[in-house]
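For reference, the structure is listed below as structure tokens.
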Amino acid sequence: MGSGHARALYLPGTSAVHRLPAHCKIVAGLCFVLLVVSTPREAVWAFGVYALLLAGVAAVSRVPAGLLLRRLLIEVPFVLFAVLLPFVAEGERTEVLGVGLSVPGLWGAWNILAKGTLGVAVSVLLASTTELRSLLLGLQRLRMPPLLVQIASFMIRYGDVIVDEMRRMRIARASRGFTARGIRHWGVLAKSAGALFIRCYERGERVHLAMASRGYRGTMPLIDEVGAGTAQWTRAALLPTAAAGVCLMGWLTL
Amino acid sequence: MTETDTPALEIEGLAYAYPDGRQALFGVDLTLRRGERVALLGPNGAGKTTLVLHLNGILRAGAGAVRIGGLPVTEEHLAEVRRRVGIVFQDPDDQLFMPTVREDVAFGPATAGMRGVELEARVTRALEQVGLADLADRPPHHLSFGQRRRVAVATVLAMEPEVLVLDEPSSNLDPASRRELADVLRSLDITVLMVTHDLPYALELCPRSVVLSAGVIAADGGTQELMCDPELMRSHRLELPFGFDPGSVTVPVH
Amino acid sequence: MTETDTPALEIEGLAYAYPDGRQALFGVDLTLRRGERVALLGPNGAGKTTLVLHLNGILRAGAGAVRIGGLPVTEEHLAEVRRRVGIVFQDPDDQLFMPTVREDVAFGPATAGMRGVELEARVTRALEQVGLADLADRPPHHLSFGQRRRVAVATVLAMEPEVLVLDEPSSNLDPASRRELADVLRSLDITVLMVTHDLPYALELCPRSVVLSAGVIAADGGTQELMCDPELMRSHRLELPFGFDPGSVTVPVH
Amino acid sequence: MHVPDGFFNAPISVATGVVAAAAVVVSLRGARRELDERTAPLAGLVAAFVFAVQMLNFPVAGGTSGHLLGGALAAILVGPYTGVLCVSVVLLMQGLLFADGGLTALGVNITLMGVVTVVVSYGLFRGLLRLLPEGRRSVTSASFVAALISVPVAAVVFTGLYALGGTTEVALGKVFGAMVGVHILIGIGEAVITAATVGAVIAVRPDLVHGARGMLPAPPLTTSGTGRTSSEEATA
Ligand SMILES: Nc1ncnc2c1ncn2[C@@H]1O[C@H](COP(=O)(O)OP(=O)(O)OP(=O)(O)O)[C@@H](O)[C@H]1O
Ligand SMILES: Nc1ncnc2c1ncn2[C@@H]1O[C@H](COP(=O)(O)OP(=O)(O)OP(=O)(O)O)[C@@H](O)[C@H]1O
Ligand SMILES: [Mg+2]
Ligand SMILES: [Mg+2]
């Protein structure tokens with residue numbers, strides 16, 4: 001089951017970043033984002049340096065720049081919000097090209113844009129260099145409660161099931177001469193959508209019971225132990241350490 | 001060439017590779033005359049299902065061509081091809097998607113524009129042919145496997161196709177249903193291509209057989225003739241079942 | 001009662017209704033001695049699959065009880081019961097869930113704590129038994145139906161259960177694989193319950209047969225004996241296939 | 001409604017983080033009573049469904065994005081505790097992988113979309129069921145209303161948090177108007193989807209709707225030969 005739509009996020013590779021254990025990457029990413037968020041927004045240069053650091057990681061992991069930028073587009077709704085801020089926010093106003101703008105609004109927009117974008121870039125890098133399954137194992141290793149790991153892994157599996165069942169239903173409809181054209185056919189789609197939820201659930205349930213039949217009690221067996229040594233933790237710490245330096249400078253130069 | 005001379009089904013040099021790069025068909029040629037009943041035999045993984053999925057354009061030929069009654073299976077003719085060709089999939093779950101059995105069987109004819117009593121009669125007839133009239137109001141995904149397979153057959157019978165393609169229709173059927181299906185198929189005056197691993201069933205139903213092995217046609221001839229060639233049969237994993245001697249039986253007259 | 005006297009499998013007064021209210025089992029009694037091979041026959045919708053799903057507690061008895069080697073199938077014994085009983089489901093898609101065939105076959109033993117070379121050997125052996133060693137690194141959902149069924153069998157063989165329950169294992173298998181599976185089952189010295197619609201296969205493999213019809217046991221006895229009772233067979237939709245005479249064959253010695 | 005990194009100030013992020021963590025801990029304990037072997041995968045399916053539903057983003061007046069929240073559906077199908085866990089997992093995975101909602105804003109996001117919607121909708125749902133006559137129709141209507149109300153309530157709480165610790169100074173009236181107005185519209189969509197899904201499930205698998213458990217009687221069993229029902233059997 002599961003041709004893996006979610007797996008499409010992952011770019012197979014063998015770079016140093018790919019080879020780092022997932023839990024090291026999660027911790028490093030989280031620290032990095034925390035540091036970015038706690039940097040004062042007036043230290044504009046610091047965000048440039050953060051961006052350069054991430055660009056470095058992208059280069060090492062051989063994630064193509066075009067792809068990175070395209071996936072950053074998920075941020076568009078926030079960008080819209082940020083762009084509006086200078087118009088609607090209160091406070092001292094300034095003129096740019098003859099348009100009255102709010103100064104705190106401009107700073108607010110910059111704050112959200114810069115920090116939000118860096119946060120998104122970290123997620124995109126993490127998702128492109130880490131397989132979903134190892135990510136889950138990483139969370140398990142970081143002591144995320146087993147029940148949450150279990151729900152997350154079922155969620156990912158069901159994502160595949162839903163896509164797969166939708167594909168089967170589409171082929172079945174097409175084979176009997178049906179093509180969805182316009183509103184007239186929405187009734188049919190709605191009807192089969194009702195069946196879809198049950199169908200997905202029951203298929204997933206049967207698979208789950210098959211797993212239970214083979215001894216599954218809520219945690220996946222760790223067939224390949226992927227413990228992290230000091231060397232790997234050191235390598236993972238490079239990014240947050242550099243960021244910590246930048247953050248400190250940001251506060252000092254304020 | 002007159003209408004009756006056009007073969008019901010023509011496959012020429014058909015080759016296909018799955019998206020993951022695995023090639024399943026390596027140049028298949030096959031022609032079925034109108035009204036013929038042909039068995040498609042071959043080991044697991046030979047490419048039988050892959051071949052079947054080309055017959056109504058679910059998979060598109062990588063090389064070569066398929067024609068149904070002279071009409072090439074291409075995008076522009078897809079609607080007409082799917083009206084002419086009915087496929088019973090190997091997995092009934094691929095076929096059933098409506099909330100009740102009745103709606104599922106009615107789906108094909110209804111899409112073709114049939115309504116009212118005529119539709120009602122068509123559905124009832126198809127369900128009676130597979131002996132499931134009393135299950136009409138149940139949800140198909142709450143039936144036993146064999147019942148689901150029979151519903152799948154009914155959904156295709158209800159469309160009254162010109163070419164009927166069945167991918168292992170007899171698997172998971174109880175012996176009486178298997179015989180009843182054979183009776184139904186014999187009573188229809190249409191072209192039938194039937195994939196099966198059940199050699200006695202093939203012998204009983206299909207005067208002609210084709211052996212597909214490793215993506216190419218390995219043999220094509222009279223069914224009894226092929227089955228009496230132990231060398232050929234063995235080399236394509238087609239051993240005769242326990243207690244069955246193809247030479248000794250008298251095949252029903254067609 | 002000594003260890004060897006305890007029946008491998010005991011079912012007493014088992015009744016079950018599905019959540020939507022449809023009752024499928026109406027009081028089933030059945031006892032299997034250790035090392036017996038028994039065929040479970042019956043028409044489509046008789047309740048065979050429903051019965052099978054009770055044997056390792058996937059469905060919980062509405063009334064009555066199931067015991068495996070004396071151990072009642074209840075919540076508290078579930079883990080042990082599932083170690084003892086291996087079920088091959090009727091639909092292989094319900095059984096396979098890991099990204100590669102190898103991982104899927106390894107899942108059961110790995111959950112039981114097996115690791116390293118021992119695990120490796122177990123997996124290789126199971127895959128060789130079903131003749132699929134060369135598909136070990138393929139994703140199971142990209143295999144043909146018959147190949148998936150064989151992987152499903154391997155996943156259960158790898159667990160080396162004490163009681164092996166197979167729900168139509170031979171359907172969709174090519175004839176040679178069918179025979180190879182029979183050889184494997186014969187070579188195992190364990191208790192086997194096999195649901196099948198393939199009567200010659202049942203006769204070849206199982207000295208004893210049980211007929212389940214409309215949710216109750218309708219007959220229980222020697223396989224050849226039952227099959228030579230045309231009245232009984234016909235009344236439960238168990239017709240013998242074309243060209244097969246159960247009286248004339250000599251059943252292999254067990 | 002997903003909040004990105006840097007949207008709220010540090011005190012609010014930390015405070016909501018504490019609230020979210022506490023909610024998850026409490027839910028982990030409560031979920032043990034709601035979940036068994038058969039419903040564990042349902043939690044996963046609900047999470048996947050909520051995930052899909054939240055991916056449908058509408059551009060919204062005032063510039064931010066709005067989408068269905070899914071908290072009501074989760075609470076009704078798998079119970080409130082598991083519901084909180086489902087939505088939290090969705091938000092965590094979206095933050096980690098799909099960059100939807102900042103990692104440091106996880107606390108805010110879980111509080112708004114997990115805790116508030118689940119608590120409000122489940123409370124309403126159970127309350128309504130007590131008032132309405134027994135039956136499937138009541139379950140569907142109760143889930144419609146519960147979903148409808150839960151979404152604007154979350155928007156109100158968002159506005160409250162914004163008043164306490166937004167990093168930009170936009171007039172509260174504007175934020176309130178935009179957020180609540182839009183989320184009343186979204187609430188209607190949410191109500192339709194929730195009621196349709198709960199209705200479809202309860203029609204064929206009534207055992208799967210947690211919120212309606214015990215409302216529909218278990219089917220009686222007959223056994224052959226004796227013709228006794230299972231309850232008689234049990235007492236015999
Ligand atoms: N979705 C897929 N992606 C990649 N390879 C596939 C896919 N489906 C099938 N294959 C491969 O293509 C080959 C032919 O498969 P196909 O399903 O056509 O076999 P088949 O003859 O129908 O076998 P069976 O008798 O087991 O049903 C096999 O080697 C199989 O592993
Ligand atoms: N999930 C379900 N919900 C409700 N009823 C069901 C469900 N599954 C099966 N049934 C019904 O229970 C009865 C027994 O089904 P079961 O699957 O056990 O039959 P079976 O003997 O295995 O048949 P087959 O030979 O076709 O596999 C049938 O009448 C079927 O319609
Ligand atoms: Mg096939
Ligand atoms: Mg069955």
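Some points to look at:
- The residues listed here are B:GLY57, B:GLY70; of these, the one that is modelled with pLDDT under 95, away from every other protein chain (no Cβ under 11 Å) and closer than 27 Å to B:GLY221 by Cα is B:GLY70.
- Residue within region C:1-21 that is more than 8 Å from every other protein chain (Cβ to nearest Cβ), within 16 Å of ligand 4 (Cβ to nearest atom) and either within 24 Å of C:LEU185 (Cβ to Cβ) or in contact (Cβ under 8 Å) with a residue 60 or more places away in the chain (or both) present: no
- Taken over region C:173-210, the criterion of being of a type in the set (S, T, N, Q) and not in a loop (DSSP other than H, G, I, E, B) is satisfied by C:SER177, C:SER187, C:THR191, C:SER209.
- B:LEU55 meets all of the listed conditions (1) more than 15 Å from C:SER144 (Cβ to Cβ); (2) in contact with a Gly (Cβ under 6 Å, 6 or more places away or on another chain); (3) within 16 Å of ligand 3 (Cβ to nearest atom); (4) not aromatic (Phe, Trp, Tyr) but one, namely (2).
Yes/no per residue for (1) assigned to a helix (DSSP H, G or I); (2) at pLDDT 90 or above; (3) farther than 30 Å from A:MET155 by Cβ:
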position	(1), (2), (3)
A:GLY2	no, no, no
A:ALA8	yes, no, no
A:PRO12	no, no, no
A:HIS23	yes, no, no
A:THR39	no, no, yes
A:GLY66	yes, no, no
A:ILE74	yes, no, no
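- Pair list, Cβ under 9 Å, 6 or more apart: region B:195-217 residue over 19 Å from C:ALA176 (Cβ atoms) and within 10 Å of chain C (Cβ to nearest Cβ), other residue assigned to a strand (DSSP E or B) and basic (Lys, Arg): B:LEU205/B:ARG37
- For the criterion of being within 14 Å of chain A (Cβ to nearest Cβ), in a helix (DSSP H, G or I) and surrounded by 24 or more Cβ atoms within 10 Å (Cβ to Cβ), D:LEU92 fails.
- Checking each residue in region C:171-194 for being among the hydroxyl-bearing types (Ser, Thr, Tyr), closer than 25 Å to B:PRO169 by Cβ and surrounded by fewer than 24 Cβ atoms within 10 Å (Cβ to Cβ) picks out no residue at all.
- Checking every residue in region C:39-53 against the condition of being of a type in the set (D, E, K, R), away from chain B (no Cβ under 14 Å) and more than 16 Å from ligand 1 (Cβ to nearest atom) gives zero matches.
- Region D:1-43, residues that are aliphatic (A, V, I, L, M) and within 8 Å of chain A (Cβ to nearest Cβ): D:ALA10, D:VAL24, D:LEU28, D:ALA31, D:LEU35, D:ALA40, D:LEU42, D:ALA43
- Screening region B:177-194 for residues that are polar (S, T, N, Q) and away from every other protein chain (no Cβ under 12 Å) and picking the one that is nearest to B:GLU162 (Cα to Cα) gives B:THR191.
- Test: residue in region C:95-118 that is within 16 Å of ligand 2 (Cβ to nearest atom) and within 11 Å of chain B (Cβ to nearest Cβ): no
- Qualifying residue in region C:186-195 (condition: within 16 Å of ligand 2 (Cβ to nearest atom) and closer than 21 Å to C:VAL101 by Cβ): no
- Every listed requirement among (1) modelled with pLDDT of 80 or more; (2) within 23 Å of D:VAL90 (Cβ to Cβ) is met by A:ARG168 save one, (2).
- Take the conditions (1) within 18 Å of A:SER175 (Cβ to Cβ); (2) hydroxyl-bearing (Ser, Thr, Tyr); (3) more than 16 Å from ligand 1 (Cβ to nearest atom); B:THR124 misses just one of them, which is (1).
- Flag: C:LEU238 matches the condition of being part of a loop (DSSP other than H, G, I, E, B), surrounded by 20 or more Cβ atoms within 10 Å (Cβ to Cβ) and in contact (Cβ under 8 Å) with a residue 12 or more places away in the chain.
- Pair list, Cβ < 6 Å and 6+ apart or interchain, from region A:202-218 residues that are part of a loop (DSSP other than H, G, I, E, B) to residues that are polar (S, T, N, Q) and crowded, with 23+ Cβ neighbours inside 10 Å: A:GLY218/A:GLN150
- For region B:129-145, the candidate set comprises residues that are farther than 24 Å from D:ALA200 by Cβ and small (Gly, Ala, Ser); within that set, the residue that is nearest to ligand 2 (Cβ to nearest atom) is B:GLY131.
- Test: residue in region B:160-172 that is away from ligand 1 (no atom under 16 Å from the Cβ), among the β-branched types (Val, Ile, Thr) and modelled with pLDDT under 95: no
- Which numbered condition B:ASP174 fails, given (1) more than 11 Å from B:ALA39 (Cβ to Cβ); (2) away from every other protein chain (no Cβ under 13 Å): (2)
- Among the residues listed as C:ARG149, C:ARG179, the single one being charged (D, E, K, R) and more than 16 Å from ligand 3 (Cβ to nearest atom): C:ARG179
- All positions within region C:146-157 that are within 13 Å of chain B (Cβ to nearest Cβ), away from ligand 2 (no atom under 16 Å from the Cβ) and not aliphatic (A, V, I, L, M): C:GLY146, C:GLN147, C:ARG148, C:ARG150
- Among residues of region B:158-169 being within 9 Å of another protein chain (Cβ to nearest Cβ) and within 16 Å of ligand 3 (Cβ to nearest atom), the one that is farthest from C:LEU232 (Cα to Cα) is B:ASP167.
The values are calculated or read from the model by the stated rules, or taken from the named source; none is laboratory data. Computed from a predicted structure; not experimentally measured. Positions of Cβ are generated from backbone atoms using ideal geometry, with glycine treated the same way; all protein chains shown enter the neighbour counts.
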